[in-house]
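First comes the structure, then the notes that go with it.
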Amino acid sequence: MYQFVSKCLDKVQGTTAGKLIRDALRWSSHDAIEEKIEISDIAHLVRTYWYDSFEEQFEVIDRYYEARSVVGLIVEGRNRASHRPWDLDPEFTRTQLFLIAELLGKINKPNEQRQVEAIRDKLFSDDAKERLAETKERLKEMETENAKYKQSLLETKERLTDAESKNSKYEKDTAELSKQVDEKENRIKKLLKQQKEAKAQNEKSKKDLARTKRGLEKSEEAQTDYKQRLETISKELKATEKEARTAEENLKTTSNQLEEAVDEWGTSVERLMATRKLFTTATIGSQEIQKIFPSFETDSAVRILDRRGTDKRNYLVKLMEQKQSTLIYVQSEEKINELLTHVVPEKAEVIGRHNERTSKAEETEILEKLENRELIAVVSNTTFSTLASSHCVEHFVFCHLTPGLDEFFKRCEPVFASAKSAYLHLIYNDEQDAKNLNEWLTQKYPDRKTLNSLYRALRECVGINGDFINTQKVYNGLDIAGLGITELGIETGLAIFEEVGALERSKDSIKLLPFSGRKSKIHHRGEELKGEIEEIRSFQLKQPIEKIWEEILGALDIDLERYLLKSNVASGEAEVDAETVLEEEETSSYDASSIDSEVNNPNDIDDKQSVTKQPVTPSKFSGKWTMEEVRNSLSEEIRDYHRKNYPEERCNIFYRRVVEIQNLIEAEGWRLKPPKLNKESCSFQLMDKGITRVRIVFGVLLDTFLPHANLVDRNGEKIPDLSIKSNPPRIFAPITEEEAKQLERQHGCEFWGITERKIYYNIPDDITELRPVLEFAYNKHRGQ
């Protein structure tokens, strides 16, 4: 054996076999190695230098036993034989001799192998083969069992590895959670520690399984122990998965909160961009004549910019330089050509053209080019028929006076359908544009005398019931006749004759027919416009833009809540109906004391007066209004908004409150319009402006805490923003704080929050508990 060990150690580079042996056995350089070395020393050397030298000389004998283990058996056999009073077990001795002989064969020592086999055969009878076979069979069974245990360990290890990977991910994710998640993190860390201990325990189990080669009984004990540990680990894994699910739910909650914060941030950015555009637009034109309504202090989706009297050309050029989609209204097709050729010729290539003959398909194409920024503006002498729904146009410029107030309001209507913040620019001039409009109306709508002259000239040119004659020839003939009628007037005259049945058209030809006696709506309209010229001039030129704004909203029946937004840029005031901006303009002389104090102003009531508090009885109002009718009254846009932004239960509460209030209104006989629902509130409005000119007398809020909210409680403390779950729908009424406190003293109607112009109430289960508040608000603003 020494020669084999020395041969293996000589292959270690940079040293000698003798030095390696002396270092491992701690011998001096004078010791004779070959004389002093024993079999136990050889085993120590094999273990010490296994990876440096001996490993490459051996192959694994079977799945579990290798050379180092067999050497250990040799040493153990020698010790038992050399140290009395140990008694050698015959079975053990025969097994060890068999293994020694097999090892000697593996290391190519046939002589020594035969000697060991001879000793074994001499000591034991011929039944060695049977015993050997039995031993091998037992070893195979042990190997099979150990293979199963090893496979189970591998599967457990994979599960543990997977659990560790999941826990690592959850640890990273939950690091961003709030303080309430910190406790979960500590518990997860504790579980990770337990998992590491379990992993260490598994490593120990592996070592225990390796020792099962010593006997079947020890293997069975190890198996029982392993099963118990596996059950413990399984329980720990289940607990870990449960904690992981909890952490995942918390992560989803935090993610939802983050999405809400991102949405709010996006809304703020949009408002900032709109404000920036507004300030940029406000710098265009003369600073002496500019005025904006609603003002900068009010956050509005639509504004009027008063630039009447400004230099049109300079104004349009600077507006075009902003490269924002613009619709320019002019008086006539002649003015379209004039604008493109003389006013802004440098921008003509990126300005589209639109008139009465433009088809809907062409309109759609023009709007698509505006949206794609192929065009920056469109000039038109009429209203777009396809701008009723959401569109991208931001600026609507009125270059000239619009013929007819109804047409003016019609041209304003698309402003309120813009998907962006939109602006009405009034840049027409005083007397010159009024004079131009008067001349244009005179040219476009000939009077009866001129029409008679035109008809006689046509009859001379084409005759009656004759053949069709080319229209251009007719125009040439009329010019020769010298009637002094413009081409625009001739075209209107032909349209009038066709309307009354005195003319028939066929593509580019016409034919005169006898008069049928019918009246012409075109002629009547022209006479109306010429008669209204002073009213048109007075309204479009002289009225302040506050009045123009009010008339536009009234004529188009615009919902103020949608276009006067709900925040104040300077102070952060929150108003739901936003109508208060106009109310302040209209009610500067309004005095609340003018209302009948006995009914409408609780501040004037003496607390010592005997006031009987109304008893609260169960609600009897279950009239014709139902939640289904309320849902059906909503537009698809509002219904989708409610479905995406609020839980179904919250929306149902909101609809149910609207139904209860409306049924109470009908039971009391109050004269109010049907409930008006929008995305975040429902308002109940008077039929007219009432004595205080406040249309909305009370309403219901779907969400009190909007980005504009600036609510304070009854003690003047600001109410912090609450989550949707802790912030139910509430009723508001435009009454003063003093009035609300007096109503509370008299009827027990306790209010929840206050803004500058409104009082907010929690909605009781029985809506009649707030009947005194609703009745007071109704009577106050209606003037009863």
* Just checking, which of 362, 338 is over 20 Å from residue 427 (Cβ atoms) and either of a type in the set (S, T, N, Q) or in a helix (DSSP H, G or I) (or both)? -> 362
* Structure fact -> Within region 627-659, the residues that are open to solvent by less than 60 Å² (accessible area, probe 1.4 Å) and acidic (Asp, Glu) are 640
* Looking at region 326-334, is at least one residue in the same structural domain as residue 421 (by the TED database), open to solvent by 40 Å² or more (accessible area, probe 1.4 Å), over 35 Å from the mean Cα position of the chain (by Cα) and not hydroxyl-bearing (Ser, Thr, Tyr)? -> yes
* Structure fact -> Picked from region 212-224 (must be surrounded by 12 or more Cβ atoms within 10 Å (Cβ to Cβ) and charged (D, E, K, R)), the residue modelled with the lowest pLDDT is 218
* To do: Might you check whether a residue that is assigned to a strand (DSSP E or B), in the same structural domain as residue 371 (by the TED database) and closer than 18 Å to residue 328 by Cβ occurs anywhere in region 409-422?
  => yes
* To do: Please work out which residue is modelled with the highest pLDDT, limiting yourself to region 2-24 and to residues that are part of a helix (DSSP H, G or I) and among the polar types (S, T, N, Q).
  => 6
* Asked: Residues in region 502-557 that are over 26 Å from residue 399 (Cα atoms), in contact with a strand residue (DSSP E or B) (Cβ under 8 Å, 6 or more places away or on another chain) and at pLDDT 85 or above: how many?
  -> 0
* Asked: If we scan region 62-73, do we find a residue that is among the polar types (S, T, N, Q) and at pLDDT 75 or above?
  -> no
* To do: From (1) in contact (Cβ under 8 Å) with a residue 60 or more places away in the chain; (2) assigned to a helix (DSSP H, G or I); (3) open to solvent by less than 10 Å² (accessible area, probe 1.4 Å), pick out the condition that doesn't hold for residue 397.
  => (2)
* To do: Could you list all residues from region 403-433 that are among the aliphatic types (A, V, I, L, M) and open to solvent by 10 Å² or more (accessible area, probe 1.4 Å)?
  => 405, 417, 419
* Asked: If a residue has to be open to solvent by less than 60 Å² (accessible area, probe 1.4 Å), out of contact with any strand residue (DSSP E or B) (no Cβ under 7 Å at 6 or more places or on another chain) and in contact (Cβ under 8 Å) with a residue 12 or more places away in the chain to count, how many in region 758-770 make the cut?
  -> 3
* Structure fact -> Reported set for region 538-558 where residues are open to solvent by 40 Å² or more (accessible area, probe 1.4 Å) and farther than 11 Å from residue 412 by Cβ is 538, 542, 543, 544, 547, 554, 557
* To do: Filter region 48-61 down to residues that are surrounded by 13 or more Cβ atoms within 10 Å (Cβ to Cβ) and part of a helix (DSSP H, G or I) and give me whichever is modelled with the highest pLDDT.
  => 48
* Residue in region 745-755 that is open to solvent by 20 Å² or more (accessible area, probe 1.4 Å), among the hydrophobic types (A, V, I, L, M, F, W, C) and either more than 25 Å from residue 666 (Cα to Cα) or in a loop (DSSP other than H, G, I, E, B) (or both) present -> yes
* So which pairs qualify, if the first residue must be in region 10-21 and touching a residue at least 24 places away in the same chain (Cβ under 8 Å) and surrounded by 14 or more Cβ atoms within 10 Å (Cβ to Cβ), the second must be polar (S, T, N, Q) and not in a loop (DSSP other than H, G, I, E, B), the Cβ gap must be under 6 Å, and the two must be at least 6 apart or on different chains? -> 12/53
* Structure fact -> Listed by range, strands (runs of 3 or more DSSP E) wholly within region 288-333 having at least 1 residues that are modelled with pLDDT of 85 or more and out of contact with any Asp or Glu (no Cβ under 8 Å at 6 or more places or on another chain) are 302-306, 326-329
* Asked: So how many residues does region 341-359 have that are open to solvent by 40 Å² or more (accessible area, probe 1.4 Å), under 24 Å from residue 403 (Cα atoms) and assigned to a helix (DSSP H, G or I)?
  -> 2
* Can you find even one residue in region 25-39 that is among the small types (Gly, Ala, Ser), part of a helix (DSSP H, G or I) and either open to solvent by 70 Å² or more (accessible area, probe 1.4 Å) or within 28 Å of residue 116 (Cβ to Cβ) (or both)? -> no
* Asked: residue 696 fails exactly one of the following numbered conditions: (1) modelled with pLDDT of 90 or more; (2) closer than 17 Å to residue 776 by Cβ. What is the number of that condition?
  -> (1)
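The values are calculated or read from the model by the stated rules, or taken from the named source; none is laboratory data. Because the structure is a prediction, the values reported are computed rather than measured. Using ideal geometry, Cβ is built from the backbone for each residue, glycine included, and neighbour counts are taken over all protein chains shown. We work out accessible area using only protein heavy atoms, side chains counted, and drop any ligands, DNA or RNA first. Shrake-Rupley method; radii C 1.70, N 1.55, O 1.52, S 1.80 Å.
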